[in-house]
Structures are given as structure tokens and as C-alpha cells.
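**Student:** Input: one structure, supplied below.
Read-outs throughout are calculated quantities, based only on the coordinates presented, and are distinct from any laboratory measurement. Note that the structure is predicted; figures quoted are calculated from it, not measured. Neighbour counts are summed over all protein chains in view; Cβ atoms, including those assigned to glycine, are modelled from backbone coordinates with ideal geometry.
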Amino acid sequence: MSLHIRTSFPYETTHEDLRIPLPDGTQLYARVWRPLTEEPVPALLEYLPYRLTDWTAPRDFQRHPWYAGHGYASVRVDVRGHGNSGGLPTDEYSATELADGVEVVDWLAAQPWCDGKVGMFGISWGGFNSLQIAALAPEPLKAVVTVCSTDDRYDNDVHYMGGSVLAVDMHAWAATMLAFVSRPPDPQYAGLAWRDMWLKRLEHVDPFIHTWLDHQTRDAYWRHGSVCEDYGAIDAAVLAVGGWHDPYRDTVLRLVEHLPPDRVRGLIGPWSHQYPDRGLPPGPAIGFLQETLRWWDQHLKGVDTGVLREPLLRAWVSDSHRPATVYDTLPGRWVGEPAWPSPHVTTVSYGLQGAPALVRSPQHTGVDAGRFFPFGNEADLPPDQREEDARSACFEFAVGEETWVLGRPRVRLRVTCEVPRGQVIARLCDVAPDGSSTLVTRGVLNLSARHGRDRAVPWEPGATGEVVVELNGIGHVFPPGHRIRLAVSSAYWPWIWPQPESEAGFTLDPAGSFLELPVRTHDVSSGSESGSDSGSDSGIGFGEPEQAEPLGVNHPATLDEPRPERLVVRDVAKGEWRLEVDPRYGGTRFYPDGLEFTEDALETYTIQEADPLSARARSDWSIRLHRPELGWDTTVRTRSEITCEAAAFLTSNEVICTEGGEVVFHRTWEKRIPRTAG
């Protein structure tokens with residue numbers, strides 16, 4: 001990747017920290033970068049709980065000054081109860097958070113340096129609330145760039161997948177947020193009130209996991225904030241961006257299908273859960289800031305940049321590649337779709353062959369699943385799938401001619417289950433002539449959710465029925481001489497929390513069972529009759545990545561041997577498997593303003609290969625915030641754990657906070673939550 005660090009821009013810029021008042025008297029902490037001009041300009045908002053003065057500061061300095069240098073007021077705001085903002089923390093995407101966001105949009109539009117037009121952008125949380133605030137339709141909000149986000153908080157977030165509890169991220173993200181929300185305000189920015197603010201927040205903290213596990217079907221709690229409930233509520237223009245190695249990529253496909261074509265464009269690259277200009281694997285990276293600038297100029301400044309004459313969806317289709325846990329750059333090409341569903345894509349059915357198969361996977365099936373949220377680390381992606389395939393029922397189809405897949409594959413399976421609960425996991429793999437197996441995509445179905453995610457219907461023991469498993473979207477080329485492998489398992493730990501009695505598995509009858517692939521035409525080289533390239537593969541390209549000057553954060557070297565990112569340990573005598581994960585969010589870093597920030601986390605997932613009730617997930621966090629010049633030294637330590645019984649999840653959480661080595665807060669939570677569906 002060739003990254004261009006911009007040191008000069010069309011506009012000179014300035015930045016300041018300020019506080020945005022809310023109607024209830026709460027003040028939100030904000031950092032504003034503005035162009036030096038006498039004319040008012042549009043404002044861009046990124047609205048997050050992740051602490052603009054430290055945690056996201058390096059990323060913020062890559063993009064906000066860049067936007068300011070191109071004629072926009074670019075604003076980063078901490079959500080209520082986080083960072084140096086006032087108020088108490090709430091649940092993610094709460095009605096309070098969204099109402100505050102609307103107030104911020106209106107406040108920005110009313111500033112003398114703003115021309116009254118506002119855009120919102122963000123990745124993950126910031127992409128979520130950009131869409132959700134757009135659905136509330138504040139008048140000044142004209143355009144949104146949402147990256148790696150979701151329109152469906154229940155079935156396409158970190159909590160549930162196919163109606164099953166996502167053990168790996170339901171647990172891990174709740175544990176992460178418990179640590180994050182417990183961090184203190186910074187006295188350098190919050191002033192003398194920091195300690196009182198901190199203690200009030202801590203008294204208000206309740207682990208998110210309690211709420212998330214209390215809602216195991218798609219009820220009103222999850223419908224709140226899920227813009228798929230009413231796409232028509234979104235009036236702003238939406239540029240939806242995702243990566244094939246990000247779990248939220250299907251949202252891009254749904255948005256380009258359901259939003260008006262004059263107000264939406266989709267972009268899916270080979271990327272992980274990152275902004276596409278950051279150069280983190282897998283690449284190639286693109287000039288994403290330039291691409292978004294064209295979106296802002298079109299919708300906030302009225303400049304015809306040509307974005308609406310481009311394909312509705314631009315997607316990367318990867319060539320076949322050997323299995324690996326990291327790729328600097330994936331081979332492939334960009335394609336353009338004039339509509340979604342695309343006229344270039346046809347569903348092709350592959351009938352499964354063979355005798356009925358008993359699918360009874362060992363409970364540790366899934367240890368080679370890779371990270372649910374790849375961030376570009378060395379151990380993020382799934383390794384060779386041959387061991388996982390051996391724990392599954394596999395069906396293969398020879399590839400006679402090059403086969404392009406673009407979209408969401410689907411599996412229709414005829415199954416017989418002798419117990420009322422269980423799961424079906426389907427993986428699509430690309431098998432090379434040497435036998436290596438590369439995971440292409442996958443999907444999950446909780447059998448109790450087969451009639452809809454809003455209800456739990458137990459399976460009638462001994463009954464036979466058809467189930468449909470939708471796999472995540474993908475763009476991939478299967479070359480001649482390879483084999484398409486469908487691998488079906490009854491377990492997938494630690495992604496999916498196992499159901500009681502799921503060790504019984506199920507019987508799969510190939511007769512009447514099908515793999516349905518969205519197969520794309522190879523060559524779509526010409527545009528429409530009007531001369532537009534809206535349906536063409538030709539001419540799709542991007543500039544090299546650009547960013548503003550980096551903040552200058554120092555990552556000091558340590559003498560400690562780094563622990564593995566992902567370590568699998570098998571206790572042969574116990575029949576127990578343990579997966580240890582270091583999420584590698586940031587480690588130790590020193591900031592130019594004098595802050596020393598040290599962060600360490602370890603996730604541990606344990607299961608016995610024959611017992612679904614032995615599943616255990618644990619997460620330990622330690623965060624130190626230290627300002628030597630102020631004599632300020634605080635630490636946050638948390639422990640979060642989930643185990644299960646047949647009828648309940650058992651959660652345990654602990655927070656210990658110290659100031660100057662003395663404990664100022666210590667609390668534990670123990671809760672038993674009935675297993676109603678997940």
C-alpha cells in the first residue's frame with residue numbers, strides 16, 4: 001500500500017475542544033476541526049463512546065483534519081457518560097443516546113461556522129448510530145457514511161446469529177464495554193470534577209450482558225434501533241461500506257436493496273472491521289477519504305461528483321486463495337452492479353448426494369473459526385479447515401468451469417432431530433487439488449428459530465422437516481479443478497453457545513437437500529444504453545489512501561515475550577479444549593499530551609468435547625490511565641464470566657477501580673438468566 005500523508009490542504013485548519021449543551025443540562029465533550037474561512041461550511045459528525053482524547057485519538061487525527069482541510073467542519077463527540085462527557089452511561093443505542101445525537105446535529109447546524117447542512121459518519125458503533133439517527137430524520141442531516149454497521153441489531157450484530165447466542169462476542173463485547181464504561185474521565189480535560197463524575201458513573205454501571213441475555217428472541221428491545229424495521233424512515237443519502245471479512249457486510253446488501261437508488265450506494269471490499277484507508281490486512285486499501293469526500297460534496301455542497309452515475313453496488317470478488325490467518329492483500333477485482341438483487345446474478349442449485357448422515361459434531365468444533373471481528377491482526381482469519389471439515393458432514397461439488405459467487409448462499413436441508421433443541425451450522429469451503437480447505441463463508445440456524453427470529457418453537461422430537469440456513473454474503477471465485485465443499489455441523493464453539501442436548505446432533509437426508517449459490521456472470525464490461533457505467537465492471541478504481549498527519553502516539557517496546565494472539569490447548573485426559581484469545585486492541589501507548597495508557601485483555605473459552613453444558617467463557621481486562629505530571633494514576637480491572645445449566649445462563653462480573661493504588665470502587669454481580677431460546 002502506498003499511503004500519502006497530506007501536510008497541506010486546500011484550506012488551512014484549526015481545532016478546538018468544546019462542550020455541547022443538551023436540554024437537560026448535560027454537556028457532551030467535543031473536538032472540532034474547522035477550515036479557516038469566512039464562509040460557513042457543512043459539518044460532519046462522528047459520535048461515539050470510545051473516548052476522543054485517548055482511545056480513538058490516533059484514528060481521529062487521520063481523518064477529521066483531512067475533512068477540515070477540504071472545507072468541512074469535522075466534529076468528534078463522546079456519547080453521554082463516556083470519556084469527558086457529562087451524564088451517566090446508558091445501554092448501547094439507547095433512546096437517550098439517539099435523542100442526544102439529534103440534539104447534537106441540530107446544535108451543529110445552528111453554529112455560525114456551519115451552513116446548516118450536516119453529515120454523519122462512523123465505523124461500527126458510529127456507523128450504527130449514524131443510521132439510527134438518520135431514521136429519526138433531523139432536518140439538517142442530509143448524508144451519512146456508515147462503515148461496518150448493521151440495520152438489524154438482533155440477527156446481524158454481536159449478540160445473536162441465526163437465533164443462537166453468539167458466545168464469542170456476546171460475552172467478549174459485553175466484557176469489553178464493562179471495562180470501557182468503567183474508565184475515568186481525564187482531569188486534563190474534565191477538570192477537578194473528574195473524580196466525582198467517575199464515581200457517579202461507576203455507581204450507575206450494570207453489565208450489558210444482563211440485558212442482552214434477557215432478550216433471546218427478536219423482540220421490541222432489538223427492534224429499537226434496527227432500521228430494517230422501516231427503511232422508509234431514512235431520508236438522508238447513505239453510502240454503506242463493508243468488508244467481506246467483517247460480520248456486518250450483509251447490511252450493505254440490504255441497504256442497497258431497500259433504499260431508493262437515488263439516495264444510496266454500496267461498497268464492499270476485502271477488508272476486515274476497519275476503515276478501508278488504514279492499510280490493515282486484508283487489502284488492498286483504497287483512497288477512502290477521497291471517496292467519501294465525493295459523497296459529501298454531492299449531498300452537502302450540491303457538486304455533481306458523479307457518484308450517482310456509478311454502480312449501485314461496487315464489490316470486490318476475490319480469486320481463490322490458500323488458507324491463512326492473515327493476508328496482506330487478496331487477489332481479485334472490482335465489479336459493479338446496477339441493482340440489487342443483481343441482474344448479473346442467478347441462483348444455481350446443487351443437490352446433495354449420498355445416504356442419510358448422522359451429524360453429531362464434537363463440542364469443540366469451531367476452534368478454527370477465526371475471530372468473529374477481524375481487525376487486521378495476524379491470527380484473525382480461519383486457518384485450513386480440514387480439521388473442522390473432519391468434524392462435520394461434508395458434501396462436495398466439482399468445479400468444471402470458473403464459478404463466480406456474489407451474494408448470500410443458502411442451504412436447504414432435510415433434517416430429523418430426536419431432541420427439542422439444537423443448531424445447524426453450514427460452512428462453504430474452497431478445496432484445492434492438494435486438499436487444503438479455505439473457508440469462504442458460513443451461516444447458523446438455531447432450530448427453534450426456524451419459523452422466525454421473533455419466536456422460539458421447540459423441535460418435535462423425532463420429526464423430520466426442512467430448514468433453511470442463510471450464509472453470510474461473499475464475493476469469491478472457484479477455479480476449475482477445485483471443489484466446492486459444504487460442511488454441516490451441529491456445534492460451533494466458541495462462536496455459538498451450544499444448546500442443551502445438542503450432543504445428540506441430527507440426521508441430514510441429502511434427498512431433498514440443496515446448496516443454492518448466487519452465481520455471477522463473469523464479464524460485465526459495458527454500461528447502460530444511456531452511457532452510464534452504473535452496471536459495468538469496467539472503470540471501477542480508487543485512488544491511493546490519503547490521511548492527515550498522524551497524532552504521534554508512541555508504542556514503547558517491552559521486555560515481555562508477547563503471548564499468542566490465539567492459542568488452542570487440548571487436555572487429552574479430560575477431553576477438554578481451551579481457546580485463549582488476546583484481542584490486541586492497543587496495548588501500551590504514550591500520547592503527546594503526556595497520557596500513559598496501558599491496556600491488557602485475555603479471553604478464554606473452554607468446553608469438553610462431549611458436554612455442551614461444560615461451556616465457559618471468561619474475559620479479564622486491565623486498563624491503567626496515568627499522567628505523571630499531574631500525579632494522576634488510575635486503574636480499572638474487570639472479570640466477566642458466563643457458564644450455563646440446561647435451563648439458565650449464569651453470569652458473573654466484577655469491577656475493581658483504584659486511584660493512586662487505593663481501591664475507590666469494587667462491585668460484583670452474579671445473575672441467573674433463564675434460557676428461553678438462545
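**Student:** Take every Cα-Cα pair in the range 427-497 and report what % of them are more than 22 Å apart.
**Tutor:** Working: 927 of 2485 pairs.
Cα-Cα pairs of the range 427-497 separated by over 22 Å account for 37 percent.
**Student:** Near the amide H of VAL440, under 5 Å away, which other amide H atoms are found, from residues 5 or more places off or on another chain, if H is placed in the peptide plane?
**Tutor:** Excluding prolines and chain starts, which carry no amide H, the hits are LEU428, CYS429, ASP430.
**Student:** I've got another one for you. Non-local amide H neighbours of ILE268 (under 5 Å, H modeled in plane, Pro and chain starts lacking H): which ones?
**Tutor:** For ILE268, the qualifying residues are GLY242, ARG314, ALA315, TRP316.
**Student:** In whole angstrom, how far apart do the alpha carbon centroids of the range 441-469 and the range 129-185 sit?
**Tutor:** Taking the Cα centre of the range 129-185 as reference, the centre of the range 441-469 is 25 Å away.
**Student:** Can you compute 3J(HN,Hα) from phi for each residue in the range 69-74, using the Karplus curve 6.51 cos²θ - 1.76 cosθ + 1.60 with θ = phi - 60°, rounded to whole Hz and x for Gly and Pro?
**Tutor:** The phi angles translate into x, 10, x, 10, 7, 10 Hz.
**Student:** Here is a follow-up. What is the sum of charges, Lys and Arg at +1 and Asp and Glu at -1, for the other residues whose Cβ falls under 9 Å from the Cβ of VAL524? It would help to have the intermediate numbers written out before the result.
**Tutor:** Details: positive: ARG520; negative: GLU337, ASP523, ASP537.
Around VAL524, the surrounding residues sum to -2.
**Student:** Grab the beta carbon distance between ASP319 and ASP17, set R0 = 41 Å, and tell me the FRET efficiency rounded to 0.05.
**Tutor:** Details: r = 47 Å, r/R0 = 1.14.
For R0 = 41 Å, the calculated efficiency reads 0.30.
**Student:** OK, next. Near the amide H of SER164, under 5 Å away, which other amide H atoms are found, from residues 5 or more places off or on another chain, if H is placed in the peptide plane?
**Tutor:** Excluding prolines and chain starts, which carry no amide H, the hits are ASN446.
**Student:** Working from the pairwise distances between different alpha carbons, so that the mean of 1/r is found and then inverted, what is the range 423-468's Kirkwood radius in Å? Intermediate results must be reported in sequence, preceding the final value.
**Tutor:** Working: mean 1/r = 0.0782 Å⁻¹.
About 12.8 Å, per the Kirkwood formula over Cα pairs.
**Student:** Sticking with this structure for a sec: In whole Å and largest first, what semi-axes does the C-alpha gyration tensor of the range 431-555 yield when each eigenvalue is scaled by 5 and square-rooted?
**Tutor:** Numbers: eigenvalues 301, 123, 69 Å².
Semi-axes from the Cα gyration tensor: 39, 25, 19 Å.
**Student:** What GluC sites (Glu not before Pro) in the range 27-126 are in a loop by DSSP, with at most 16 other Cβ atoms within 10 Å of the Cβ? Mind dumping the intermediate values first?
**Tutor:** Numbers: sites: GLU38, GLU46, GLU92, GLU97, GLU103; in loops: GLU38, GLU92.
Passing sites in the range 27-126 are GLU38.
**Student:** Ok, one more. Please report the spacing between the Cα centers of the range 625-669 and the range 236-300 in Å, no decimals.
**Tutor:** The distance from the Cα centre of the range 625-669 to that of the range 236-300 comes to 36 Å.
**Student:** Can you match semi-axes √(5λ) of the Cα gyration tensor in Å to one of these, (1) 35, 29, 27; (2) 59, 29, 24; (3) 39, 32, 22, based on a calculation from the structure here?
**Tutor:** (3)
**Student:** Something else: Using Cα positions and a limit of under 26 Å, work out the lysines in reach of LYS117, with same-chain residues fewer than 8 apart set aside.
**Tutor:** LYS142, LYS301
**Student:** State the Cα centre-to-centre distance between the range 307-369 and the range 1-69 in whole Å.
**Tutor:** So the separation of the two Cα centres works out to 37 Å.
**Student:** To continue, here is another question. From the backbone phi of the range 10-24, what are the Karplus-calculated ³J(HN,Hα) couplings (6.51 cos²θ - 1.76 cosθ + 1.60, θ = phi - 60°) in whole Hz, Gly and Pro given as x?
**Tutor:** Each residue of the range 10-24 in turn: x, 10, 6, 10, 9, 9, 8, 9, 8, 10, 9, x, 10, x, 8 Hz.
**Student:** A further question on this structure: Of HIS70, HIS666, HIS522, how do they rank once you tally other Cβ atoms within 10 Å and put the fewest first?
**Tutor:** Working: HIS70 20, HIS666 12, HIS522 15.
Result, fewest neighbours first: HIS666, HIS522, HIS70.
**Student:** Next question, about the same structure. I need the semi-axes of the equivalent ellipsoid of the range 345-520: take the C-alpha gyration tensor, multiply each eigenvalue by 5, square-root it, list largest first in whole angstrom. Intermediate values should be presented prior to the final figure.
**Tutor:** Values: eigenvalues 125, 73, 47 Å².
Over the Cα atoms of the range 345-520, the ellipsoid semi-axes are 25, 19, 15 Å.
**Student:** In whole Hz, what ³J(HN,Hα) sequence does the range 368-375 give by Karplus (6.51, -1.76, 1.60; θ = phi - 60°), x for Gly and Pro?
**Tutor:** Along the range 368-375, the couplings run 9, 6, x, 7, 5, 10, x, 10 Hz.
**Student:** Quote the relative contact order of the range 141-290 in percent (integer), defining contacts as alpha-carbon pairs under 8 Å separated by 6+ residues. It would help to have the intermediate numbers written out before the result.
**Tutor:** On the way: 208 pairs, mean separation 41.4, N = 150.
Computed value for the range 141-290: 28 percent relative contact order.
**Student:** Give the aspartates and glutamates whose C-alpha is closer than 14 Å to that of LYS671, dropping any in the same chain fewer than 8 places away, or say none.
**Tutor:** ASP206, ASP214, GLU641, GLU645, GLU654
**Student:** Quick one: HIS210, HIS451, HIS159, fewest Cβ neighbours within 10 Å first, how do they rank?
**Tutor:** Least to most surrounded, the residues fall as HIS451, HIS210, HIS159.
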